[in-house]
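Colleague: Got a structure here, written out as structure tokens. Questions coming.
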């Protein structure tokens, strides 16, 4: 009888962990430009203050989980090739949106660095196909595709509007 109770308790604990335990999130970034960047553009450095993922049905001011803080990436190093920029443990739940906060973008054009900013400083991107469900022992690979418009960079007006999508890969 004790053996049966012990088996039931262990099975319940394993099932509880698998359905309610934390999952792992691995975030990568890739720049899939719509067209090739102008050859005078030598680097596009994007400085993130944070990248967060949002729990479905949570309020806008709550439900955010930080994946990355304080990262800078040169988008030309991830042209059509993804690179991991952060990992995080997440509570069990459904996640539907990615938010990234950008402090600055520096573009090197013909050897001259020009500072740009994203007008809001923050961008929310829905995770394609309804997001993902995180639960115990699961590792989710999420990819942020981020690029900028070549013409907008070359007008040098100080503002850039990113083209971004997020998807599970």
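No value in this document is a laboratory result; all are computed from the given coordinates. Everything quoted here is computed from the prediction, not taken from an experiment. Positions of Cβ are generated from backbone atoms using ideal geometry, with glycine treated the same way; all protein chains shown enter the neighbour counts.
Colleague: Segment 70-87 to segment 92-159: how many Å between their Cα centroids?
Modeller: Here the answer is 11 Å between Cα centres.
Colleague: What label, among [x] 1.29; [y] 1.05; [z] 1.22, belongs to Cα Rg over 2.2 N^0.38 Å computed from the structure on display?
Modeller: This structure yields the entry labelled [x].
Colleague: On a 0 to 90 degree scale, rounded to 10, what angle separates helix 2-20 from the longest Cα axis of the chain?
Modeller: Once rounded, one gets 20 degrees.
Colleague: What does the helix-only formula give at 222 nm for the chain: each DSSP H stretch with n ≥ 4 adding -39500 (n - 2.57), the total divided by the residues, and the result rounded to the nearest 500 deg cm²/dmol?
Modeller: -4500 deg cm²/dmol
Colleague: What area, in nm² and to one decimal, does the C-alpha convex hull of segment 31-120 cast on average over all directions?
Modeller: The directionally averaged projection comes out at 7.0 nm².
Colleague: Turning to a different aspect of this structure: Run the quick spin-label model on residue 49 and residue 61: label points 7 Å from Cα toward the beta carbon, then report their separation in nm to one decimal.
Modeller: 1.7
Colleague: Over segment 121-160, consider all pairs of different Cα atoms and compute the Kirkwood hydrodynamic radius from their mean reciprocal separation; express it in Å, one decimal.
Modeller: Radius from the Kirkwood sum: 13.6 Å.
Colleague: How far apart, in nanometres, would the label points at residue 80 and residue 115 be if each is projected 7 angstrom from Cα along the Cα-to-Cβ direction?
Modeller: So the label points at residue 80 and residue 115 sit 3.4 nm apart.
Colleague: Normalised by the residues of the chain, what does the relative contact order come to in percent, with Cα pairs under 8 Å and at least six apart?
Modeller: 30
Colleague: Compare the peptides 88-94, 149-155 by average per-residue count of other Cβ atoms within 10 angstrom and give them in order, highest first.
Modeller: Those peptides, ordered most packed to least, come out 88-94, 149-155.
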